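The values are calculated or read from the model by the stated rules, or taken from the named source; none is laboratory data. Keep in mind it's a predicted model, so treat the numbers as computed, not measured. All Cβ positions, even for glycine, are placed from backbone atoms using ideal geometry, and neighbour counts span all protein chains on display.
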Amino acid sequence: MSQRQVFQVFEQYQKARAQFVQMVAELANRPQNIEILQNAGVMSLLRPLLLDVVPSIQQTAALALGRLANYNEDLAEAVVKGDILPQLVYSMSEQNRFYKKAAVFVFRAVGKHSPQLAQAVVDCGALDILVMCLEDFDPGVKEAAAWALGYIARHNAELSQAVVDEGAVPLLVLCIQEPEIALKRIAASALSDIAKHCPELAHTVVDAGAIAHLAQMIVSPDAKLKRQVLSALSQIAKHSVDLAEMVVEAEIFPVVLTCLKDKDDYVKKNASTLIREIAKHTPELSQLIVNRGGVAAVIDCIGSCKGNIRLPGIMMLGYVAAHSENLAMAVIISKGVPQLSICLSEEPEDHIKAATAWALGQVGRHTHEHARAVAVTNTLPVLLSLYMSAESSEDLQVKSEKAIKNILQKCIYLPALEPLLYDAPPNILKHVLEQFSKVLPHDSKARRLFVTSGGLKKIQEIKAEPGSLLQEYINNINNCYPEEIVRYYSPGFSDTLLQRVDSYQPFTN
């Protein structure tokens, strides 16, 4: 056999390996092929190709493994059990940027599924390599590494701390200053994933100088970048007053309010979330938002979107209103109550209805004026029906009941209370009658209207336990009227009159 024929054998072997990994990588891109590949033992066939003498085969083998691991948790576990991760770590330092990106993709694909798999990535020594990749000259390698680090950090505080301890945060802050938009997005997302767990981790991000750079990018024309920037600032601001104040001091107002009008729904949502996380801490921070026009802007935003996109804005109004009478009045003046009432009626999801009920309760609980502003929007019957509906979630029922009671305890606008006389159960009805018993003794017009509207007749029909608060309030209301009027509207009185007619002997000459 000639030398040329011998070389041909090796060339054919190399070509076959290259074709195999290329085909597997392509097949792994289609979900319908995954189970077939797994049953064919693809993992054990790809593993030795990671150490192939041909770099392109190594890269494609890593890419195929990444696609498989990305598909589901079982395949990711198979990668871990196959001791593939240490092999990738070992070989990365000597490889080119294409291999690095493919190998980092495997770490990301494995680490994203669960804290246990992310821990396996940490345990194999990958964090050191990933952090080194953040300093690579190639933006694609940096982006891949930032993505992997974010996926590891997002699971819990311990994994996030491991990423921090490896020195990732200052390098991620440098990455958000790079010109490449894709790298900025992923680095901002990773910082968000690190900061979200606890104040200590958020402070680590702040101490690296992240806030100023993130705040500058709120005006970016790129919607996906704005989403990540607003998310990162929210995850920092949510933990404490100090952190929220640091975010505010980066002069995010009024520019963040323009994001509430963005074409991208998720930019709107994340901007509302950021404002909510600031507003919830103190009356002073809420007042600052009011002064900058933030409440009116959030109300407009709620009116322009649907579903979960409007949820943070709804909660933000509740937080603002909860702080004080004046701040709740700011929500009312900005026409927040009619908008919340619309959300309560038209949103199909219980968790959004529950948040809206809570927010309305926070607005209405302060004074008679606040309660009336909520009651005139016909909100009380809607809250009552949600509370009483068997289809409502437990959380929605609890929040609706609490909101009704908060509003009722301050509401003296009787026309809004009267419909509740006919449908409310005793635990709600007693609060309704308490308000009537407070108002009727001092308001003759209200007493007359209560008779002509059928209210007095209705309360005579209520069966209350003797000695109960409900009975006490009924007695107090009855005491506002002449005894014969109360008797007239009592059940059975018309029968008594008819009996008297029957037994009456007319006078005859």
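Here are a few things to note about the model shown:
- Residue within the range 469-492 that is assigned to a loop (DSSP other than H, G, I, E, B), of a type in the set (A, V, I, L, M) and within 46 Å of the chain's Cα centre (by Cα) present: no
- Those residues of the range 68-99 which are of a type in the set (Phe, Trp, Tyr) and more than 16 Å from Asn33 (Cα to Cα), in sequence order: Tyr90, Phe98, Tyr99
This table checks each residue for (1) in the same structural domain as Asp138 (by TED's automatic domain parsing); (2) within 22 Å of Lys15 (Cα to Cα); (3) buried (at least 24 other Cβ atoms within 10 Å of the Cβ); (4) not polar (S, T, N, Q).
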{"position": "Leu65", "(1), (2), (3), (4)": "yes, yes, yes, yes"}
{"position": "Asn70", "(1), (2), (3), (4)": "yes, no, no, no"}
{"position": "Gln87", "(1), (2), (3), (4)": "yes, no, no, no"}
{"position": "Met92", "(1), (2), (3), (4)": "yes, no, no, yes"}
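- Taking residues in the range 442-461 that are free of Cβ contacts under 8 Å to residues at least 60 places away in the same chain, and partners anywhere that are of a type in the set (Gly, Ala, Ser), the pairs with Cβ atoms closer than 9 Å and at least 6 places apart or on different chains are Leu449/Gly455; Lys457/Ser490; Gln460/Ser490; Glu461/Ser490.
- Of all residues in the range 359-377, those satisfying the criterion of being surrounded by 24 or more Cβ atoms within 10 Å (Cβ to Cβ) and touching a Lys or Arg at 6+ places or on another chain (Cβ under 8 Å) are Gly361, Gly364, His370, Ala371.
- Matching entry among Gln59, Gln3 (being outside the structural domain of Gln116 (by TED's automatic domain parsing) and either free of Cβ contacts under 8 Å to residues at least 60 places away in the same chain or within 27 Å of Asn96 (Cβ to Cβ) (or both)): Gln3
- Members of the range 88-139 that are polar (S, T, N, Q) and modelled with pLDDT of 90 or more: Ser114, Gln116, Gln119
- Scanning the range 248-276 for residues that are over 23 Å from Met329 (Cβ atoms), within 20 Å of the chain's Cα centre (by Cα) and crowded, with 19+ Cβ neighbours inside 10 Å yields Val256, Cys259, Val267, Lys268, Lys269, Asn270, Ala271, Thr273, Leu274.
- Pro283 vs. criteria surrounded by fewer than 18 Cβ atoms within 10 Å (Cβ to Cβ) and either at pLDDT below 95 or closer than 17 Å to Lys196 by Cα (or both): no
- Close pairs (8 angstrom Cβ cut-off, 6 or more residues apart or separate chains): on the phi > 0 side of the Ramachandran plot and surrounded by fewer than 16 Cβ atoms within 10 Å (Cβ to Cβ) in the range 402-420, assigned to a helix (DSSP H, G or I) and modelled with pLDDT under 85 anywhere: none
- Filter result for Ala244 (touching a helix residue (DSSP H, G or I) at 6+ places or on another chain (Cβ under 6 Å), within 22 Å of Met217 (Cα to Cα) and among the small types (Gly, Ala, Ser)): yes
- Only one entry of Leu317, Leu285 meets the criterion of being farther than 24 Å from Lys224 by Cβ, assigned to a helix (DSSP H, G or I) and more than 17 Å from the chain's Cα centre (by Cα), and that entry is Leu285.
- Scanning the range 44-58 for residues that are assigned to a helix (DSSP H, G or I) and surrounded by fewer than 24 Cβ atoms within 10 Å (Cβ to Cβ) returns Ser44, Leu45, Arg47, Pro48, Leu49, Leu50, Leu51, Pro55, Ser56, Ile57, Gln58.
- Residue match in the range 424-434 (condition: in a loop (DSSP other than H, G, I, E, B) and crowded, with 20+ Cβ neighbours inside 10 Å): yes
- Of the helices (runs of 4 or more DSSP H) entirely within the range 151-220, those holding at least 3 residues that are out of contact with any Pro (no Cβ under 8 Å at 6 or more places or on another chain), touching a residue at least 24 places away in the same chain (Cβ under 8 Å) and within 18 Å of Leu130 (Cβ to Cβ) occupy 157-165, 168-175, 181-195, 199-207.
- Filtered residue count, the range 25-41, keeping only those that are within 26 Å of Val141 (Cβ to Cβ) and either at pLDDT below 80 or not in a helix (DSSP H, G or I) (or both): 2
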